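The values are calculated or read from the model by the stated rules, or taken from the named source; none is laboratory data. The structure presented is a predicted model; accordingly, all values stated were derived computationally and were not measured. Neighbour counts are summed over all protein chains in view; Cβ atoms, including those assigned to glycine, are modelled from backbone coordinates with ideal geometry.
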Amino acid sequence: MLHGIARTAHSFDHVAPHFNRDYHVLAIDMRGHGDSDWHPEAAYMVEDYVKDLEAIVDQLNLRNIVITGNSTGGRVAQVYAGLHPDNVAALIVEDVGPERPQEIASGFAQRVAQEANGWASEEELLATLMKGSARIAEPLQRSHVRHGTKRRAEGRLIWKRDPNLTRGFVPTDLWRYVSRITAPTLYVLGGASTIVPAETQRRIKQTLPRSEIVIMPGLGHYPSQEAPADFLTLLKNFLSRTNQPRALP
């Protein structure tokens, strides 16, 4: 399970327990996020995250794996599945496609700059998050704050992320990897999100004719958090249809 930009492995705390009877479930803090180290040279391109995933898969000798990823994690998942088609049993991509346009890249850089001064308290940050993402229930936002932040020396609360993540969050085209995906693939998109426009959806279907695209009406960039029960049902039905065996080390 691969989280999005500026998120952590704990993004899946409400999802992972629903699969641990049938799968060996792993969620990681990607480099520069959460409790993982920051890269000294700010190597944060999608392909850099993929190298870390490859190392984990090799070290744990994982085979026949199912990958699910939101946002940047979904981009990493697509690239890995394209590079290692024989080792991916199924792929689930949450509200992201093979492209990252300039406006999305610029938006994250602006956000990092705006948030540089941090917050005085968890409650102040929580109020900001609830105002900006009202679709996500407060307990999930509170978990994000608890696991995703730390205190600076003077006491201000800041995100557990390398500010230099912006150096890798650049316009991106991953079609050359996506075209090599052979695993059953499910794209779950928020109906109110503009991350994967209709033209991109059409190209995905042309490139991966057997892929499924499900649009969840009224949801934004985090369907798994905005409508957890419906999202879980989609995933379980998809995995049941693909008849995937357990992915154990």
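Observations on the model:
- Selection count, the stretch 137-153, where residues are touching a Pro at 6+ places or on another chain (Cβ under 9 Å) and either assigned to a helix (DSSP H, G or I) or farther than 18 Å from residue 220 by Cβ (or both): 1
- Every test in (1) surrounded by 17 or more Cβ atoms within 10 Å (Cβ to Cβ); (2) more than 18 Å from the chain's Cα centre (by Cα) is passed by residue 32 save one, and that test is (2).
- Scanning the stretch 127-136 for residues that are part of a loop (DSSP other than H, G, I, E, B), surrounded by 15 or more Cβ atoms within 10 Å (Cβ to Cβ) and of a type in the set (A, V, I, L, M) returns a single hit, 136.
- The stretch 208-237: number of residues that are touching a helix residue (DSSP H, G or I) at 6+ places or on another chain (Cβ under 6 Å) and in a helix (DSSP H, G or I): 5
- Residue in the stretch 14-27 that is within 30 Å of residue 110 (Cα to Cα), touching a residue at least 12 places away in the same chain (Cβ under 8 Å), surrounded by 24 or more Cβ atoms within 10 Å (Cβ to Cβ) and not polar (S, T, N, Q) present: no
- Test: residue in the stretch 88-102 that is part of a helix (DSSP H, G or I) and surrounded by 15 or more Cβ atoms within 10 Å (Cβ to Cβ): no
So that you can scan it fast, the table gives a plain yes or no per residue for (1) surrounded by fewer than 17 Cβ atoms within 10 Å (Cβ to Cβ); (2) at pLDDT below 95; (3) of a type outside the set (Lys, Arg):
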| site | (1), (2), (3) |
| --- | --- |
| 151 | yes, no, no |
| 180 | yes, no, no |
| 185 | no, no, yes |
| 195 | no, no, yes |
| 210 | yes, yes, no |
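Per-residue answers, yes or no, for (1) touching a His at 6+ places or on another chain (Cβ under 8 Å); (2) farther than 16 Å from residue 74 by Cβ:
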{"residue": "142", "(1), (2)": "no, yes"}
{"residue": "148", "(1), (2)": "yes, yes"}
{"residue": "167", "(1), (2)": "no, yes"}
{"residue": "170", "(1), (2)": "no, yes"}
{"residue": "179", "(1), (2)": "no, yes"}
{"residue": "197", "(1), (2)": "no, no"}
{"residue": "207", "(1), (2)": "no, no"}
{"residue": "213", "(1), (2)": "no, no"}
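- Every residue from the stretch 107-141 that is closer than 21 Å to residue 71 by Cα and of a type in the set (A, V, I, L, M): 109, 112, 113, 129, 130, 134, 136, 137, 140
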